[in-house]
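Step one of this worksheet: look at the structure below.
Read the figures in this text as sums done on the coordinates, not as results from a lab. Computed from a predicted model, the values in this text were never measured in an experiment. A quick note on method: Cβ atoms are made from the backbone with ideal geometry, for glycine too, and the neighbour counts reach across all protein chains shown.
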Amino acid sequence: MAELKREDLALRAERAVLVQVASKHTKFEADETFEELQSLVQTAGGKVVGQIRQQLTRPHGRFYIGTGKLEDLKALCLHVEPDVVVCDDELSPAQVKALEESLDCKVVDRSEVILDIFAAHARTRQAKLQVELAQLEYEFPRLKRMWTHLDRTAGGTLGGPAGG
């Protein structure tokens, strides 16, 4: 799998597949939020080339969507070859990683699209700094969790005297 770089989330001229889990919404609310997501992607300069929607009690913990829909999404991605998959809800870092590994495609969520729109339209120094701060605040918990595998690598004893 090619190394996916997350530093540039700009959707300009990117082909996007939209994904929604309608868990807490009525059909009307789900349709409304999905239309809004389409508009956000278009405002960011992306082109919507496909969509997957699923009704679940709550989003799947690992993949956001169920495993059956994940297979449908893989097939859709092979067919339309998107540059990015955009999910309607905020994703955990683990969900982003699992989806990117499964789809071999960049995955972003609604919040990242909104931040991208603000970044593209910020003109003054203050506006650019505010957008950068918002982006860093959004990324911080994700970056922090990337290094949890090092938590127990420090030397030392678990207790008791060091014997010899």
(message) I'd like the Karplus ³J(HN,Hα) series for the stretch 75-84: coefficients 6.51, -1.76, 1.60, θ = phi - 60°, whole numbers in Hz, and an x wherever there's a Gly or Pro.
(response) 4, 4, 5, 5, 6, 9, 6, x, 7, 8
(message) Rounded to whole Å, give me the distance from the Cα center of the stretch 24-38 to that of the stretch 66-129.
(response) 18
(request) Run down the aspartates and glutamates and flag those whose C-alpha is under 12 Å from the C-alpha of LYS24, throwing out any fewer than 8 positions away in its chain. (result) ASP89
(request) Run the quick spin-label model on LEU78 and ARG123: label points 7 Å from Cα toward the beta carbon, then report their separation in nm to one decimal. (result) 4.8
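Within the stretch 15-109, what percent of beta bridges assigned by DSSP are antiparallel, to the nearest 5?
Numbers: 1 of 16 bridges.
Here the share of antiparallel DSSP bridges comes out near 5 percent.
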(message) Which one, THR43, VAL108, GLN54, projects farthest toward the positive side of the charge dipole computed for the stretch 15-109 from Cβ point charges (K/R +1, D/E -1)?
(response) GLN54
(message) Full-extension gain between GLU137 and THR26, please, as 0.36 nm times their residue separation minus the C-alpha to C-alpha distance.
(response) 36.8 nm
